[in-house]
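Inspection log for the structure reproduced underneath, given as structure tokens.
The values are calculated or read from the model by the stated rules, or taken from the named source; none is laboratory data. Since this is a predicted model, take the numbers as computed values, not measurements. All Cβ positions, even for glycine, are placed from backbone atoms using ideal geometry, and neighbour counts span all protein chains on display. Protein only, heavy atoms only, side chains kept; ligands, DNA and RNA dropped before computing areas. Shrake-Rupley method; radii C 1.70, N 1.55, O 1.52, S 1.80 Å.
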Amino acid sequence: MREKTPPPHAVTGSLADEVVRRLPDWITHLIQINSLVAARMGVVVTDFHCLHALQQHGSTTAGVLAKRVGLTPGSASRMIDRLADAGCVRRVPDPHDRRRILIEPTDEGLGRITAYYAGLTARTLDDLAAFDDDQLRTLLRFIEVFQAGAAAEVDRLRSTTGPAPTP
């Protein structure tokens, strides 16, 4: 009889386990940074996520922004109002469809984000200088794979209801 090979996630004590074990602390620090930057910009952290989405993906509709940051349309509208009041975004007509309104980041809003993240960006670039091209490609692959996995998990959790699973 052939012995069953355990699935990769069942292997314990591996480097992969160590990566998984350390990710929450890293993510927690990033959340803390985002919270501090949002507070200094005079917005709540969800608003800051909206501004980040605009920085990464460009101008879009309120509905798309709501979906990207996991808000209802009403909550997204209030979020956009707060960001507009803080000088971080503006509403503009869609050049391809004048009936639609796009939300776009302002130069001021993007400049403030850039300024607040300058220290982290410089530190990260300094840290990455110690990696060779193969290691950097591996890091990029890690980011791409885990970003896709996290997005899939968000979709899964949004599509399911019910109590939390028991361990």
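Total residues in segment 39-57 satisfying the condition of being without any contact (Cβ under 8 Å) to a residue 12 or more places away in the chain and either of a type in the set (Gly, Ala, Ser) or in contact with an Asp or Glu (Cβ under 7 Å, 6 or more places away or on another chain) (or both): the figure is 1.
Looking at segment 67-78, which of its residues are closer than 24 Å to residue 117 by Cα and either surrounded by 15 or more Cβ atoms within 10 Å (Cβ to Cβ) or at pLDDT 90 or above (or both)? Walk me through how you get there before you give the answer.
Applying the first criterion (closer than 24 Å to residue 117 by Cα) to segment 67-78 yields 68-70.
The answer is 68, 69.
Looking across segment 97-139 at every residue that is among the basic types (Lys, Arg) and more than 21 Å from the chain's Cα centre (by Cα), the one that is surrounded by the most Cβ atoms within 10 Å (Cβ to Cβ) is identified as 100.
Picking from 15, 36, which residue would you name as being without any contact (Cβ under 8 Å) to a residue 24 or more places away in the chain, under 22 Å from residue 114 (Cα atoms) and either touching an Asp or Glu at 6+ places or on another chain (Cβ under 7 Å) or surrounded by fewer than 15 Cβ atoms within 10 Å (Cβ to Cβ) (or both)? Outline the logic, then answer.
Numbers: 15 fails: under 22 Å from residue 114 (Cα atoms).
On inspection, the qualifying residue turns out to be 36.
For segment 81-96, the criterion of being assigned to a loop (DSSP other than H, G, I, E, B), in contact with a strand residue (DSSP E or B) (Cβ under 9 Å, 6 or more places away or on another chain) and more than 18 Å from residue 46 (Cβ to Cβ) is satisfied by at least one residue. When segment 147-159 is filtered for residues that are open to solvent by 80 Å² or more (accessible area, probe 1.4 Å) and either touching a residue at least 24 places away in the same chain (Cβ under 8 Å) or over 20 Å from residue 16 (Cα atoms) (or both), the ones remaining, listed by number, are 155, 156, 157, 158, 159. Here's a check for you: in segment 50-61, which residue that is part of a helix (DSSP H, G or I) and either touching a Cys at 6+ places or on another chain (Cβ under 7 Å) or surrounded by fewer than 13 Cβ atoms within 10 Å (Cβ to Cβ) (or both) is modelled with the highest pLDDT? It comes out as 57.
Here is a yes/no grid of residues against (1) in a helix (DSSP H, G or I); (2) within 22 Å of residue 153 (Cα to Cα):
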{"position": "28", "(1), (2)": "yes, yes"}
{"position": "37", "(1), (2)": "yes, no"}
{"position": "63", "(1), (2)": "yes, yes"}
{"position": "78", "(1), (2)": "yes, no"}
{"position": "103", "(1), (2)": "no, no"}
{"position": "110", "(1), (2)": "yes, no"}
{"position": "113", "(1), (2)": "yes, no"}
{"position": "119", "(1), (2)": "yes, no"}
{"position": "131", "(1), (2)": "no, no"}
